[in-house]
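Everything below concerns the one structure shown next.
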Amino acid sequence: MLETVEVLAGSRRSLRRAIDVECDVLSQYWDEPVSLLALDLSVGGMWLDAELPLDVGDSLRLRFHPPRWKSGRPLIVNAEVRRVDLQRRRFGAPAAGMGIAFTDLNPWERDALRLALEGIPPPLPFADETKRTDLIWVESLLTWEEDLGDRVNIYEVSEWLGLDDGFDAEEIEFFAVGEMLTSPLAFPFRLAA
């Protein structure tokens, strides 16, 4: 049985391959070709590392030698800027640059490029270091009593608390819990302002 597949807008049509290739880029805004580094390549386009990328929709002419390219001549193709990123990552490869889509790749060039890229691994994903939080683990002993009239229950729970790096332990201010803790995750403390 055949199933229909929905292709979402912006999804990749071909697998990117990790490369490190110089690419001559010609734009209407530059007097002469500018050499930029291509960091990944697919049969549909490439990522160019650029400190000052062009605008989305700008037309380009690219000249480069793909890895394992059997033709002695460089591949020359018209392209369009599809994505621009001005941020640079703290770790890993730089992100500032342009996502380029090829606009007039011939079928034989597409097949030759596909064969040249076969076996080259895709780029590794970069860890997002901004989401990482270093924690200092502090042992905290929580004690509370439950008065039932005929007897008193005393509870003690030892918890490890994860505090942000750079946290001053003297800033913890303990306060009364109230009648009873309903969850071991409801810690009876807060950070002093």
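The values are calculated or read from the model by the stated rules, or taken from the named source; none is laboratory data. Note that the structure is a prediction, hence the values are computed from the model and not measured. Every residue, glycine as well, gets a Cβ built from its backbone with ideal geometry; the counts of neighbours run over all protein chains shown.
Could you tell me how many of the residues in region 33-59 are touching a Lys or Arg at 6+ places or on another chain (Cβ under 8 Å) and buried (at least 17 other Cβ atoms within 10 Å of the Cβ)?
Residues flagged as touching a Lys or Arg at 6+ places or on another chain (Cβ under 8 Å) and buried (at least 17 other Cβ atoms within 10 Å of the Cβ) within region 33-59 amount to 7.
Looking for something assigned to a loop (DSSP other than H, G, I, E, B), within 25 Å of L60 (Cβ to Cβ) and at pLDDT 85 or above - is there at least one such residue anywhere in region 106-114?
Yes; the residues of region 106-114 include at least one that is assigned to a loop (DSSP other than H, G, I, E, B), within 25 Å of L60 (Cβ to Cβ) and at pLDDT 85 or above.
Could you tell me how many of the residues in region 16-32 are in contact (Cβ under 8 Å) with a residue 12 or more places away in the chain, surrounded by fewer than 15 Cβ atoms within 10 Å (Cβ to Cβ) and outside any strand (DSSP E or B)?
Here the count works out to 2.
Run P123 past the list (1) surrounded by 14 or more Cβ atoms within 10 Å (Cβ to Cβ); (2) assigned by TED's automatic domain parsing to the domain that holds S35; (3) modelled with pLDDT under 80; (4) not charged (D, E, K, R) and report the number of the one that doesn't hold.
With respect to (1) surrounded by 14 or more Cβ atoms within 10 Å (Cβ to Cβ); (2) assigned by TED's automatic domain parsing to the domain that holds S35; (3) modelled with pLDDT under 80; (4) not charged (D, E, K, R), P123 is out only on (2).
In the set D20, D55, D40, which member is in contact with a strand residue (DSSP E or B) (Cβ under 9 Å, 6 or more places away or on another chain) and either farther than 25 Å from P122 by Cβ or modelled with pLDDT of 95 or more (or both)?
D55 is the lone residue from the list that is in contact with a strand residue (DSSP E or B) (Cβ under 9 Å, 6 or more places away or on another chain) and either farther than 25 Å from P122 by Cβ or modelled with pLDDT of 95 or more (or both).
In region 46-82, which residues are under 14 Å from L36 (Cβ atoms) and in a strand (DSSP E or B)?
Correct list: M46, W47, L48, D49, L60, R61, L62, R63, F64, A79, V81.
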